[in-house]
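**Q** The structure's right below; bear with me while I get my questions together.
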Amino acid sequence: MLDGRVKTLHPKVHAGILAKRDDKEHMSSINKMGIGTIDMVVVNLYPFKEAVLKKGSTLEDTVENIDIGGPSMIRAAAKNYNHVAVLTSPGQYPEVLEQLRTSGSLEEKLLSKLMAEAFIATANYDAMIAKRMYQEFCEGFPDSVPMPSEKVMDLRYGENPNQKAVFYKDPFTPGTTVAKSEQLHGKELSFNNILDLDKSLDIAMDFERPTAVVMKHTNPCGLASADTICEAFVTSYNVDPLSAFGCVICLNRECDVPTANEISKYFVEAVIAPDFDAEALEILTKKKNIRLLRTNSPIAPSERFRENKLKKVQGGLLIQTDEDVPINLGKLKVVTERAPTDEELKALGFAWKLAKHVTSNAVV
């Protein structure tokens, strides 16, 4: 009924899922009502995320893609996981099918795992809905922080080899990001690579002119803007070539042949750029391990999305708005006897953009 809004919200469905098979009263009750048991629930939720991200999507479109019955059935099955298998992703099908084929039933260990993954699935689904609706109708910080996420990849290790790590993305973050970039070549990304790539991209997106960032351990050891991307890279690398060994590089223009030739002279961990010229890609891929990432979108101020910044602390979470303090160089008040020259003002403006990206007491 109600154009399909009410389908599975029915006692015959939920009683069949929730009845405890080892409880005589439960089984007697459903038998009296002529309700059969349901031993497996397989649900693919309405595509809420896809509805939000679809070009031209309206609020009504997204609301109609909020699944009601699906999460209800998943939660019911998960609550009764000792007796009911609950599947929320096609990625779970092979393991379940294999156990059914070999033994005719599912092990308790697998049922428990499916239950835990089911609650993750519904929690993330609700987090996506909550974030979209809060952005639409509310301001400020909510009383709690639902955080939608999707796994991008498992990482070989974390900041150190003894630590385990994984990379997630927020599917609703617009603009140019490392999480949405395409890796074209090289070893899989490390935890530290991703941190450096993100920081270098963050810096590069403050500049309009051809700009190169040379990043090491989340602090820039070189930054330059120039008339060409090759000149910008050469200048930025030579700021501190000793620190630049094993660096991450961000270019806010396509990587061309001259730039690729220059980069290939050095030991570089990773390069991220809007795109790579075909010949430039051929030059760089001769280095077996260098990671090459293409954003497939501009690296420019227009593509920046200023989202809240998070820092996890033991037992808590710190959240603040992104730092954005633009200045008008023409309206600065000179408080010294000598006013800066036009060239000095440009340099100050350049340094101002960089200083906020440098950790702790910044001298740029």
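**Q** Tell me which residues, restricted to the stretch 126-149, are over 16 Å from Thr62 (Cβ atoms) and surrounded by fewer than 13 Cβ atoms within 10 Å (Cβ to Cβ).
**A** Glu139, Gly140, Phe141, Pro142, Asp143, Ser144
**Q** List the strands (runs of 3 or more DSSP E) inside the stretch 206-264, counting only whole elements, that have at least 3 residues being touching a residue at least 40 places away in the same chain (Cβ under 8 Å) and more than 19 Å from Lys286 (Cβ to Cβ).
**A** Output list reads 219-225.
**Q** Another question about this same structure. Filter the stretch 155-182 down to the residues that are touching an Asp or Glu at 6+ places or on another chain (Cβ under 7 Å) and assigned to a strand (DSSP E or B) and list them by number.
**A** Val166, Tyr168, Lys169
**Q** Would you kindly identify the strands (runs of 3 or more DSSP E) lying entirely within the stretch 266-364 that contain at least 2 residues that are not assigned by TED's automatic domain parsing to the domain that holds Pro220?
**A** On the way: elements: 268-273, 291-294, 309-313, 316-320.
So the answer is 309-313, 316-320.
**Q** On to the next question. Name the one entry in Leu354, Leu332, Leu310, Leu318 that is within 20 Å of Thr211 (Cα to Cα) and out of contact with any helix residue (DSSP H, G or I) (no Cβ under 6 Å at 6 or more places or on another chain).
**A** On inspection, the qualifying residue turns out to be Leu354.
**Q** Any residue that is among the small types (Gly, Ala, Ser) and at pLDDT below 90 - is there at least one of those in the stretch 286-304?
**A** no
**Q** Taking only the stretch 183-205 into account, find how many residues are charged (D, E, K, R) and part of a helix (DSSP H, G or I).
**A** So the answer is 4.
**Q** While we're looking at this one, here's another question. Looking for something touching a residue at least 40 places away in the same chain (Cβ under 8 Å), surrounded by 10 or more Cβ atoms within 10 Å (Cβ to Cβ) and within 30 Å of Thr218 (Cβ to Cβ) - is there at least one such residue anywhere in the stretch 319-342? If you could, list the steps in order and put the result at the bottom.
**A** So in the stretch 319-342, the residues touching a residue at least 40 places away in the same chain (Cβ under 8 Å) come out as 319.
Applying the additional criterion that residues be surrounded by 10 or more Cβ atoms within 10 Å (Cβ to Cβ) yields 319.
With within 30 Å of Thr218 (Cβ to Cβ) added as a condition, the list becomes 319.
Yes, the stretch 319-342 contains a residue that is touching a residue at least 40 places away in the same chain (Cβ under 8 Å), surrounded by 10 or more Cβ atoms within 10 Å (Cβ to Cβ) and within 30 Å of Thr218 (Cβ to Cβ).
**Q** More than 30 Å from Arg132 (Cβ to Cβ), surrounded by fewer than 14 Cβ atoms within 10 Å (Cβ to Cβ) and either among the basic types (Lys, Arg) or in contact (Cβ under 8 Å) with a residue 60 or more places away in the chain (or both): which single residue out of Arg5, Arg21 fits that description?
**A** The unique qualifying residue is Arg21.
**Q** Also, quick follow-up: Can you give me the number of residues within the stretch 307-318 that are exposed (fewer than 10 other Cβ atoms within 10 Å of the Cβ) and within 24 Å of Thr176 (Cβ to Cβ)?
**A** Qualifying residue count for the region: 1.
**Q** Here's another thing I want to ask about it. Which count do you get for residues in the stretch 167-191 that are exposed (fewer than 15 other Cβ atoms within 10 Å of the Cβ) and touching a Gly at 6+ places or on another chain (Cβ under 9 Å)?
**A** Residues flagged as exposed (fewer than 15 other Cβ atoms within 10 Å of the Cβ) and touching a Gly at 6+ places or on another chain (Cβ under 9 Å) within the stretch 167-191 amount to 0.
**Q** A further question on this structure: Anything in the stretch 123-145 that is in contact with a Leu (Cβ under 8 Å, 6 or more places away or on another chain) and of a type outside the set (Phe, Trp, Tyr)? List them, or say none. Full working, then the answer.
**A** Step one: of the stretch 123-145, the residues in contact with a Leu (Cβ under 8 Å, 6 or more places away or on another chain) are 125, 136, 145.
Hits for the stretch 123-145 are Glu136, Val145.
**Q** Can you find a residue that is touching a strand residue (DSSP E or B) at 6+ places or on another chain (Cβ under 7 Å) and surrounded by fewer than 17 Cβ atoms within 10 Å (Cβ to Cβ) anywhere in the stretch 42-58?
**A** The answer is yes, given that some residue of the stretch 42-58 is touching a strand residue (DSSP E or B) at 6+ places or on another chain (Cβ under 7 Å) and surrounded by fewer than 17 Cβ atoms within 10 Å (Cβ to Cβ).
**Q** Checking Ile35 against (1) assigned to a loop (DSSP other than H, G, I, E, B); (2) within 38 Å of the chain's Cα centre (by Cα), which test does it fail?
**A** So the condition that Ile35 fails would be (2).
**Q** Assess whether Ser72 counts as being surrounded by 13 or more Cβ atoms within 10 Å (Cβ to Cβ) and touching a residue at least 24 places away in the same chain (Cβ under 8 Å).
**A** Considered against the rule, which asks whether it is surrounded by 13 or more Cβ atoms within 10 Å (Cβ to Cβ) and touching a residue at least 24 places away in the same chain (Cβ under 8 Å), Ser72 comes out as yes.
**Q** Filter the stretch 96-114 down to the residues that are over 22 Å from Met73 (Cβ atoms) and not hydroxyl-bearing (Ser, Thr, Tyr) and list them by number. Give the derivation first.
**A** To start, the set of residues in the stretch 96-114 that are over 22 Å from Met73 (Cβ atoms) comprises 98, 101-104, 107, 109.
Of everything in the stretch 96-114, those that are over 22 Å from Met73 (Cβ atoms) and not hydroxyl-bearing (Ser, Thr, Tyr) turn out to be Glu98, Arg101, Gly104, Glu107, Lys109.
**Q** Count, please, the residues in the stretch 283-298 that happen to be buried (at least 19 other Cβ atoms within 10 Å of the Cβ) and among the polar types (S, T, N, Q).
**A** 1
**Q** Another one. What is the number of the single condition among (1) part of a strand (DSSP E or B); (2) out of contact with any Phe, Trp or Tyr (no Cβ under 9 Å at 6 or more places or on another chain) that Val152 does not meet?
**A** Status for Val152: all satisfied but (2).
**Q** Tally time: how many residues in the stretch 198-225 are buried (at least 21 other Cβ atoms within 10 Å of the Cβ), over 15 Å from Ser236 (Cα atoms) and among the hydroxyl-bearing types (Ser, Thr, Tyr)?
**A** Of the residues in that region, 0 qualify.
**Q** Scan the stretch 53-61 and tell me whether some residue there is in contact (Cβ under 8 Å) with a residue 24 or more places away in the chain and in contact with a Pro (Cβ under 9 Å, 6 or more places away or on another chain).
**A** Checked against the condition, which is being in contact (Cβ under 8 Å) with a residue 24 or more places away in the chain and in contact with a Pro (Cβ under 9 Å, 6 or more places away or on another chain), the stretch 53-61 yields at least one hit.
The values are calculated or read from the model by the stated rules, or taken from the named source; none is laboratory data. Since the structure is predicted, the reported quantities are computational estimates derived from the model, not experimental observations. Please note: Cβ atoms are built from the backbone with ideal geometry, for glycine as well, and neighbour counts cover all protein chains shown.
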